[in-house]
Amino acid sequence: MLVSYPGPWTPFFGRLDAQQIPLQNPILFGTFVLVSLGALAVLGAITYSRSWGTLWRDWLTSVDHKKIGVMYCVLGVVMLFRGFIDGVMMRTQQVMAVGPQSPGYMGALHGYLPPYHFGQIYSAHGTIMILFAITPILVGLMNIIVPLQIGARDMAYPYLNAVSFWLTAAATGLVMISLFVGDFSHAGWVGLSPLTELAYSPGVGVDYWSWAVQIGSIGTTLASINIIVTIIKMRAPGMTWTKMPIFCWTALSTSIVGLSSFPVFTAAVALLSLDRYVGTHFFTPGLGGNLMLYTDLFWIWGHPEVYYVVLPAFGILSEIIPTFSEKPLFGYITMAVASIAIGGVSWSVWLHHFFTMGAGPGVNAFFSIASMLVGIPTGVKVFNWAFTLYRGRVRFDVPMLWALAALVLLLIGGLTGMMLAMPAINYTVHNSVFVVAHFHTMLNVVGFACFGAINYWFPKVFGFRLDERTGKRAFWFFSAGTVLLFGSMYALGFMGMPRRIDYIPFTSWRPLLIAEEGGIVLFVIASCYMVKQLVVSIRDRAQNRVMTPDAWGTSRSLEWLTHSPVPFYNFAVQPHINVRDEWAWRREHGLGSAYPDHYEDIHLPNNTPLPLMLGACAFALGFGLVWRMYWLAALGLLAIIILVIARSFQEDPGHIVPGARIREIEASYGDVAAAAGAVEGRAGGAVAYPAAVASHLRDGELARP
């Protein structure tokens, strides 16, 4: 039976009424106006350019892994901006609310955010940055790059890939709408028990949080299945496990972690939802439940999740550093083994998040040792990257700058992680901002790697490079902000500053808090340069266009064999893999411009609107459950069931792209390159293979760049 909750309820609107729209809050009202104007501007631009048809056909209904990956990245960047604004608001509140004499504004006793509003921003910041910003960006990058690196046409399950994305989009929609309709959870991004219980959070904030993370977790689980199957079953002929790029190894390890951990998180939050909706009391201590049960279940997911986002970053560094060192990656086998080992060890460390709970010296010692063991495979990676740099022709292009800075941050984050793995030190700094600084250092490793990856692979996806000048300015401002903000936070942690506080009682902390705010200002400047970099690059795309497959001239892995931008079929003919760094090998042997005498037909899946419809129904289901609009939730669930059943009966054989059409497209790429004078040896027809390597090549297996 459904439990009772405070406040009015109607059969049609449920708990929703006009009072739930916070028009009286100047911050939220101003945000609503800005978002509405921005949305109208975007819709107006699409209408003015008559792009609705293109948007629908080529993007919203697409099952192309590259376009789905781009949409993942766009979604992640939008949510990254939202989460960053939340972080700015929190740090600004803290620097304004120092000491009992600090003034209050907009109803706050100190600063400008009342405690309840601060709690919501704190919860939203963590939830968004981990689940709806970094995770979508990384999944998007894996979507784009993994099939290209293994020589595949698409993901193993293109339809499921689109479903995964639209479920993630539905979850982010719930988080975003909570800004303007109702409120968000104030129980932290981890869902701290018993604050998530109905008695302590009678509003809809926890419900928004719980249904968003459940829907998003299902999407991430499906994406993990897809990546695992793609890597195992879709590798090009000749690509053995020992020839697979390290980014694919980290994607595989990440996806195994995601497949095994996200269902745990989904189940834990589902039990919490049962507590709130039907009164089961799994986590209510006074009624037979155990709040530590939720804490254990959360961190059984939560710490593998840390490696779920860090491992792809390690893979990105393993692609960028060899390219701009102009030499192969040092210690390939150990890098691959370390990638799997990190994913495995990640399951044995969750209890170090509550060393102080009194589990006993034996338990603490076990999890302390397990936490330190993670440093072994991570250290192997650091040394291998260092040896890759050693005696290399190091170039400091923008992607390399981000990668090297990520390496420095990894050393800092790893050393502070070793400190926190020691129970004695953990007792001292537990629940302080020192822990927050360590966590953000590791997440900045991921962030720096993602920014490097976007600069690195952007020309492969869009055909032109991002502007180097503004990109370097963005890098230096962002790096300075990172040092200033989190360096100050480490010091404040040693001084005893707790996390999650909206009021600072000790005025002696003010200088470091001001330094933190200075770091935020540098982040804002860096963000402006990032936007400028994109705008300038699009404006000057003709000058920045790349006329060869390899935008950097020294890339090594297979994705640089095909054109820039990548055609919808990826490779004109499926490549045969000869060595580990296939593209570098072909380039060094003069095979980069070889092409076949004929092209075979290519089979590709059809676009479909069903994934978008499933995402919309999932959003309706979540929104209906949040507001107890049971008719809407029932309709959303019924529609999902009908769409899934209808899809199971739908015969969709896909479509065939004729070989003659492939030849035309390939010729158009060749004409552009020849006109630019970027590729040598094209005018005379086919390129002659060197005798020493001709026997390794199969007829018709090279795509002409």
Could we say that Phe458 is open to solvent by less than 10 Å² (accessible area, probe 1.4 Å), in a helix (DSSP H, G or I) and touching a Ser or Thr at 6+ places or on another chain (Cβ under 9 Å) here? no
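Working only within region 121-144, note down all residues that are of a type in the set (S, T, N, Q) and within 16 Å of Met79 (Cβ to Cβ). Even if it seems obvious, please write down each step before you answer.
So the first thing to find is which residues in region 121-144 are of a type in the set (S, T, N, Q), and the list is 123, 127, 135, 143.
Across region 121-144, the qualifying residues are Ser123, Thr127, Thr135.
Residue by residue, here is whether (1) touching a helix residue (DSSP H, G or I) at 6+ places or on another chain (Cβ under 7 Å); (2) part of a helix (DSSP H, G or I) holds:
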{"site": "Lys327", "(1), (2)": "yes, no"}
{"site": "Ala336", "(1), (2)": "yes, yes"}
{"site": "Gly344", "(1), (2)": "no, yes"}
{"site": "His353", "(1), (2)": "yes, yes"}
{"site": "Phe367", "(1), (2)": "yes, yes"}
I'm checking my understanding of the structure. Among residues of region 160-183 that are out of contact with any Pro (no Cβ under 7 Å at 6 or more places or on another chain), open to solvent by 30 Å² or more (accessible area, probe 1.4 Å) and not in a loop (DSSP other than H, G, I, E, B), which one is farthest from Arg628 (Cα to Cα)? Leu160
In region 313-366, residue surrounded by the most Cβ atoms within 10 Å (Cβ to Cβ) [restricted to those that are among the polar types (S, T, N, Q) and within 22 Å of the chain's Cα centre (by Cα)]: Ser339
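Output the residues belonging to region 573-585 that are more than 19 Å from Pro158 (Cα to Cα) and in contact (Cβ under 8 Å) with a residue 40 or more places away in the chain.
Looking only at region 573-585, we keep the residues that are more than 19 Å from Pro158 (Cα to Cα), and these are 573, 575-585.
Val573, Pro575, His576, Ile577, Asn578, Val579, Arg580, Asp581, Glu582, Ala584 - these are the residues of region 573-585 that are more than 19 Å from Pro158 (Cα to Cα) and in contact (Cβ under 8 Å) with a residue 40 or more places away in the chain.
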Matching residues in region 535-588 (outside any loop (DSSP other than H, G, I, E, B) and over 14 Å from Gly151 (Cα atoms)) number 15
Considering each of Thr608, Thr562 in turn, give the residue that is under 30 Å from Leu174 (Cβ atoms) and surrounded by 15 or more Cβ atoms within 10 Å (Cβ to Cβ). Thr608
In region 368-388, which residue that is in contact (Cβ under 8 Å) with a residue 40 or more places away in the chain and touching a His at 6+ places or on another chain (Cβ under 9 Å) is farthest from Pro312 (Cα to Cα)? Ser368
Starting from residues that are buried (at least 19 other Cβ atoms within 10 Å of the Cβ) and of a type in the set (A, V, I, L, M), keep the ones in region 411-434 and report whichever is farthest from Ala370 (Cα to Cα). Val433
Among Val446, Val394, Val408, the single one that is surrounded by fewer than 20 Cβ atoms within 10 Å (Cβ to Cβ) and in a helix (DSSP H, G or I) is Val408
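If you scan region 269-322, which residues turn out to be β-branched (Val, Ile, Thr) and either farther than 27 Å from Ser371 by Cβ or outside any helix (DSSP H, G or I) (or both)?
Keep residues of region 269-322 that are β-branched (Val, Ile, Thr), which gives 269, 278, 280, 284, 295, 300, 306, 309-310, 316, 320-321.
Listed by number, the residues that qualify are Val278, Thr280, Thr284, Ile320.
Rundown of residues vs (1) within 30 Å of Asp17 (Cβ to Cβ); (2) surrounded by fewer than 18 Cβ atoms within 10 Å (Cβ to Cβ); (3) among the small types (Gly, Ala, Ser), yes/no style:
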site	(1), (2), (3)
Leu591	no, no, no
Tyr599	no, no, no
Gly622	yes, no, yes
Leu625	yes, no, no
Ala633	yes, no, yes
Ala646	no, yes, yes
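Tell me which residues, restricted to region 501-516, are aliphatic (A, V, I, L, M) and open to solvent by 40 Å² or more (accessible area, probe 1.4 Å).
To start, the set of residues in region 501-516 that are aliphatic (A, V, I, L, M) comprises 501, 504, 512-515.
Once the filter is applied, which keeps residues that are aliphatic (A, V, I, L, M) and open to solvent by 40 Å² or more (accessible area, probe 1.4 Å), region 501-516 yields Leu512, Ile514.
Would you call Gly188 open to solvent by less than 10 Å² (accessible area, probe 1.4 Å), in a loop (DSSP other than H, G, I, E, B) and over 16 Å from Leu621 (Cα atoms)? Break it down stepwise before answering.
On the way: open to solvent by less than 10 Å² (accessible area, probe 1.4 Å): yes; in a loop (DSSP other than H, G, I, E, B): yes; over 16 Å from Leu621 (Cα atoms): yes.
Yes.
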Taking region 27-71 as the region of interest, how many residues are within 17 Å of Gly173 (Cα to Cα), touching a Leu at 6+ places or on another chain (Cβ under 8 Å) and not hydrophobic (A, V, I, L, M, F, W, C)? 1
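When residues of region 592-620 are filtered for being in a helix (DSSP H, G or I) and either free of Cβ contacts under 8 Å to residues at least 60 places away in the same chain or of a type in the set (Val, Ile, Thr) (or both), how many remain? Reasoning before the result, please.
The first filter runs over region 592-620 and keeps only residues in a helix (DSSP H, G or I), leaving 610-620.
With either free of Cβ contacts under 8 Å to residues at least 60 places away in the same chain or of a type in the set (Val, Ile, Thr) (or both) added as a condition, the list becomes 613, 617, 620.
Count: 3.
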Test each condition in (1) part of a helix (DSSP H, G or I); (2) more than 27 Å from the chain's Cα centre (by Cα); (3) touching a residue at least 40 places away in the same chain (Cβ under 8 Å) for Ser508 and report the one that comes out false. (3)
Is there a residue in region 463-484 that is within 19 Å of Phe247 (Cβ to Cβ) and charged (D, E, K, R)? no
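The values are calculated or read from the model by the stated rules, or taken from the named source; none is laboratory data. Because the structure is predicted, anything quoted here is derived from the model rather than measured. FYI the Cβ positions are ideal-geometry reconstructions off the backbone, even for glycines, and counts take in every protein chain you see. We work out accessible area using only protein heavy atoms, side chains counted, and drop any ligands, DNA or RNA first. Shrake-Rupley method; radii C 1.70, N 1.55, O 1.52, S 1.80 Å.
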